[in-house]
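One structure is given here, and the rest of the page talks about it.
No lab work stands behind these numbers, since they all come straight from the coordinates. Worth saying up front: this structure is predicted, and the values here are computed from it rather than measured. Positions of Cβ are backbone-derived with ideal geometry, glycine not excepted, and every protein chain shown enters the neighbour counts.
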């Protein structure tokens with residue numbers, strides 16, 4: 001069978017790529033001009049002739065892999081994207097081959113069962129009540145949490161804020177947005193929060209910035225001032241958004257104190273834990289999200305600190321009904337009375353055709369086990385702390401803040417232009433891949449420790465390269 005033969009070809013090429021990447025024998029990044037890549041990959045020829053199998057497939061796969069950014073490389077330190085566990089990649093393969101668009105149960109029973117299980121597993125990590133399985137005792141009763149997996153954290157944040165808006169203004173689906181709605185969020189929030197405000201039709205003027213300290217962390221004692229300004233403007237808050245953790249510096253807002261404020265004002269409390277919610281997997285780190293159980297909703301990207309391939313993000317709510325009532329549409333070919341042995345997730349999501357995302361994460365969880373996954377998170381957090389302790393005492397470098405997660409911002413004690421010029425040189429030679437961020441009026445070099453093979457040795461080599469100019 002040609003599929004089996006071609007699958008073996010691809011598997012061999014991926015295994016070679018994996019070995020080379022982990023050994024660091026090839027550049028971590030190789031940004032050739034796009035028009036050159038179109039020619040080097042022979043895209044026009046293959047599109048015209050077909051026949052991507054056998055030797056052609058081997059050559060194409062090898063050429064393609066040579067031109068990728070190697071996340072498995074120890075010098076990969078740039079972004080909050082998982083170095084995927086191989087088992088998760090196999091989950092993606094199975095999902096892609098079966099192509100069960102499982103937003104409705106009949107289109108993917110096994111995929112829906114895994115997603116239901118994964119959502120409940122995550123709810124338990126937050127200390128929320130998992131949902132009873134359809135047909136089991138207690139099914140249909142309230143008092144339990146719920147959720148859905150989406151294609152990315154941006155869509156997850158949007159979904160959570162739609163649920164919050166539907167609770168505050170349920171008439172919106174018939175009458176449109178009231179003019180008085182607003183969202184409270186710190187300036188350090190992910191850009192997807194502002195984007196969601198635009199998509200929801202609220203506009204950026206409806207975003208009220210929460211007061212923060214010099215690190216960008218929310219100051220709960222100053223929240224009453226924002227609330228008074230909101231009331232003075234005649235607005236109602238859809239939700240208050242807090243970070244767990246922030247994208248640039250990787251710092252956690254004080255969730256317990258913020259939850260207290262939200263509870264006192266009947267305000268929906270949304271926690272953007274897209275990256276940092278992974279700390280809940282570890283007994284020694286979960287204190288960073290103290291108070292999250294009092295939130296109304298939480299976003300958790302499993303394609304970040306849970307080693308799942310992109311993308312696999314969870315929207316979790318403390319009360320399942322708030323998500324089940326978020327959308328109010330009709331489609332007779334999907335929504336109708338029927339004998340239902342399972343669960344339809346389509347009522348909880350923007351998406352109609354939805355991949356079996358749960359398999360991507362569950363394959364990782366089943367390979368590593370809970371303890372193995374916790375050890376990974378603890379390891380990358382520990383590596384970040386060790387890097388900070390080393391860099392902070394180097395006289396020619398400074399750090400933006402002590403890290404709380406696996407993100408560290410630092411810089412040479414020099415002008416912003418030099419930071420950017422050095423990064424450009426390093427990326428051009430492919431020796432390291434790091435990102436940048438702005439904070440406190442300065443441009444910082446930003447390290448994100450995602451690779452379990454990355455440690456202090458790579459950090460020391462990076463500092464030596466930066467010193468060399």
For the range 35-104, shape from the Cα gyration tensor axes a ≥ b ≥ c, cut at a/c of 1.5 then a/b versus b/c, turns out oblate
Just to be sure I understand the model, the point goes 7 Å from the Cα along the line to the Cβ. What's the resulting residue 367 to residue 79 distance in nm?
2.1
Expressed as a whole-number percentage, the relative contact order of the chain with C-alpha contacts under 8 angstrom and at least six residues apart is 23
Could you line up 104, 407 from fewest to most neighbouring Cβ atoms inside 10 Å?
104, 407
From the Cα centre of the range 390-412 to that of the range 70-102, the distance in Å is 29
Among DSSP beta bridges lying fully in the range 269-389, give the percent that are antiparallel, nearest 5.
60
Please give the length that would be gained between residue 26 and residue 236 if that part of the chain were fully extended, namely 0.36 nm times their separation in residues minus their C-alpha to C-alpha distance (nm, one decimal).
70.2 nm
How large is the helix-only mean residue ellipticity at 222 nm for the chain, computed as the sum of -39500 (n - 2.57) over DSSP H runs with n ≥ 4, divided by its residue count, in deg cm²/dmol to the nearest 500?
-13500 deg cm²/dmol
Among rounded, prolate and oblate, which fits the range 1-79 when a ≥ b ≥ c are the square roots of the eigenvalues of its C-alpha gyration tensor, a/c under 1.5 means rounded, and a/b larger than b/c means prolate?
oblate
How high is the relative contact order of the range 94-363, given as a whole-number percent (alpha carbon pairs under 8 Å, six or more residues apart)?
30
Kindly work out what percent of the DSSP beta bridges joining two residues of the range 94-363 are antiparallel, to the nearest 5.
45
Which percentage, to the nearest 5, of the DSSP beta bridges contained in the chain is antiparallel?
60
Classify the range 346-448 from the C-alpha gyration tensor, please: rounded if a/c falls under 1.5, else prolate or oblate depending on whether a/b exceeds b/c.
prolate
Enter the Cα centre distance for the pair the range 437-458 and the range 15-48, rounded to the nearest angstrom.
25
Taking alpha-carbon centroids only, the range 105-179 lies from the range 221-259 a number of Å equal to 23
With Rg and the Kirkwood Rh both taken from Cα atoms, where does Rg over Rh land for the range 227-383?
1.02
Label-point separation in nm, residue 204 to residue 390, each point 7 Å along Cα→Cβ
3.9
log10 I(q)/I(0), Debye, Cα-only the chain, no solvent, q = 0.12 Å⁻¹?
-1.14
